[in-house]
Amino acid sequence: MEIHTPKNKPFTISTVCREDLLGITNHVTDEHLFKVDDVMALSDGDMERLASKLGDDYCEQLFWGSLAILGEHIIEQSKTAPATPATPAELIEMLDRLYAFMAENMPDLEIVDELEALIERARQ
């Protein structure tokens with residue numbers, strides 16, 4: 001049994017729900033990717049399986065690189081200033097660093113192109 005102390009307390013990263021699936025659109029046609037009836041027909045077991053696979057995928061592909069980049073930023077920021085939300089410019093800088101890491105280490109992932117487009121929109 002794992003005992004959680006203040007030093008090893010887990011923090012939740014994300015959740016997934018049916019509404020998330022309904023919000024996904026094709027980035028080219030802007031059409032919804034899934035039909036409402038299909039998504040609403042998913043059982044809680046189906047959603048648990050999706051969450052598990054999504055978590056596994058995230059850990060295998062993005063977690064460690066993102067953790068290193070964002071962890072470094074937060075640690076440096078915490079040394080110089082009290083905890084405050086990142087400014088838009090800081091967020092864009094973090095996204096730029098994440099994009100550079102992903103483009104170099106995972107160039108075949110579709111999300112790399114989507115991240116680049118997101119950064120461009122954020123700069124506007």
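Tabulated results
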{"read-out": "Sparsely packed trypsin sites (Lys or Arg not before Pro) within the stretch 32-124, loop by DSSP, other Cβ within 10 Å at most 13", "value": "Lys35"}
{"read-out": "Gain on full stretching of the segment that runs from Asn8 to Asp44 - 0.36 nm per residue minus C-alpha separation", "value": "10.0 nm"}
{"read-out": "Relative contact order (percent, whole number), the chain, Cα cutoff 8 Å, 6+ residue spacing", "value": "15 percent"}
{"read-out": "Dipole magnitude of the stretch 18-123 about its Cα centre (Cβ charges: Lys, Arg +1; Asp, Glu -1), debye to nearest 20", "value": "400 debye"}
{"read-out": "Förster radius 25 Å - calculated FRET efficiency between Leu67 and Asp113 (Cβ-Cβ, nearest 0.05)", "value": "0.65"}
{"read-out": "Listed values [x] 2.12; [y] 1.23; [z] 1.28, entry calculated as Cα Rg over 2.2 N^0.38 Å", "value": "[z]"}
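Values in this text are rule-based calculations from the coordinates and carry no lab data. Nothing here was measured: the structure is a model prediction, and the numbers come from that model. For neighbour counting, all protein chains shown are included, and Cβ atoms are generated from backbone atoms with ideal geometry for every residue, glycine included.
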